[in-house]
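Enquirer: Provided herewith is a single structure, encoded as structure tokens, for subsequent inquiry.
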Amino acid sequence: MRSFPALLPALLSACLMTSVALLSASLTAPAALMAAPADALATGTKDGAPPPPDPVFGKAIVIVFSQTGKTMRIAELIAAKTGADIYKIEPTVPFPPHEGEIIGLEETRRAEGIPAEIKGPKPDLTPYSFVFLGAPVWFGGIPDHVALFLKDIDFGGRRMAIFASAGSQPGDIVKKLATASKGGAVIAPGLVNKREDDWGDAAMETLVEEYLVALKKSLNDPPAAGAR
């Protein structure tokens, strides 16, 4: 049997050869096997970068309150197509997952005179030149959580656009949200998608694209003669 000192050079040589082989494999590994950037994994985009701001809207923010996720779908499509940031108006206590449960809880809260509560802080609007505001129709009007959010915020003359989701009776939700948006220069048209409308992916893409095209037309068209 060979002694340990006699085996030592052979062991060192084997370790060195293994290290060289591993290093060579890592340098020649296909790109698909290399670790993806953390930002790309988190955002799902190719390089992790958000889309650039739309040249017509400028730097925009989408402020949205969503009960079951339908209004949020519209918000996310708007953000994806305009490069806007998203700010979520959220209740202090998260809603349960089912619409019926949410309605029941809200009816009870209202009947008992318990005020709505939302998480803070509110967004800093300083960087933004355009605001999209979206909410579902609740009990024929503005959700209490949205009314609470709008109570103490001034949009400082920023241009705004309104979108909403609704049951079969949207009422005048666009007008109500516009009126409640202090200091906002709201432009037409508003967007309302009702429960019976098509919520499929292709239909939603088309809906939001047409909405944005109409808004850009309103922004680019000069005011009519005599308009104030």
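The values are calculated or read from the model by the stated rules, or taken from the named source; none is laboratory data. Given the structure is predicted, the values throughout are model-derived calculations rather than measurements. All Cβ positions, even for glycine, are placed from backbone atoms using ideal geometry, and neighbour counts span all protein chains on display.
Enquirer: Taking the range 181-195, which residues are crowded, with 19+ Cβ neighbours inside 10 Å and either over 19 Å from the mean Cα position of the chain (by Cα) or more than 17 Å from Val208 (Cβ to Cβ) (or both)?
Expert: Ser181, Gly184, Val186
Enquirer: Turning to a different aspect of this structure: Could you list all residues from the range 127-140 that are assigned to a strand (DSSP E or B), out of contact with any Pro (no Cβ under 7 Å at 6 or more places or on another chain) and modelled with pLDDT of 90 or more? Walk me through how you get there before you give the answer.
Expert: Taking the range 127-140 as the starting set, the residues that turn out to be assigned to a strand (DSSP E or B) are 130-136, 138.
Pick out the ones that are also out of contact with any Pro (no Cβ under 7 Å at 6 or more places or on another chain) and you get 130-134, 138.
The answer is Phe130, Val131, Phe132, Leu133, Gly134.
Enquirer: Taking the conditions exactly as written (surrounded by 19 or more Cβ atoms within 10 Å (Cβ to Cβ), among the aromatic types (Phe, Trp, Tyr) and in contact with a Gly (Cβ under 8 Å, 6 or more places away or on another chain)), does Phe149 satisfy them or not? Step through it out loud before you land on a result.
Expert: On the way: surrounded by 19 or more Cβ atoms within 10 Å (Cβ to Cβ): yes; among the aromatic types (Phe, Trp, Tyr): yes; in contact with a Gly (Cβ under 8 Å, 6 or more places away or on another chain): no.
Taking the combined requirement at face value, the residue does not satisfy it.
Enquirer: Still on this structure, I have one more. Which residues, counting only those in the range 62-120, are surrounded by fewer than 11 Cβ atoms within 10 Å (Cβ to Cβ) and touching a residue at least 12 places away in the same chain (Cβ under 8 Å)?
Expert: Once the filter is applied, which keeps residues that are surrounded by fewer than 11 Cβ atoms within 10 Å (Cβ to Cβ) and touching a residue at least 12 places away in the same chain (Cβ under 8 Å), the range 62-120 yields Thr92, Val93, Pro115.
Enquirer: Name the residues in the range 68-102 that are in contact with a strand residue (DSSP E or B) (Cβ under 9 Å, 6 or more places away or on another chain) and either part of a helix (DSSP H, G or I) or closer than 20 Å to Gly200 by Cβ (or both), would you? Before you say what the answer is, go through the steps one by one.
Expert: Quick first cut of the range 68-102, residues in contact with a strand residue (DSSP E or B) (Cβ under 9 Å, 6 or more places away or on another chain) only: 68, 70-76, 78-79, 81-92.
Within the range 68-102, Thr68, Lys70, Thr71, Met72, Arg73, Ile74, Ala75, Glu76, Ile78, Ala79, Lys81, Thr82 meet the criteria.
Enquirer: Here is a follow-up. How about the range 52-61: which of its residues are part of a strand (DSSP E or B) and either crowded, with 21+ Cβ neighbours inside 10 Å or touching an Asp or Glu at 6+ places or on another chain (Cβ under 7 Å) (or both)? Explain how you work it out, then say what you get.
Expert: Step one: list which residues in the range 52-61 are part of a strand (DSSP E or B), which gives 54, 58, 60-61.
Correct list: Ala60, Ile61.
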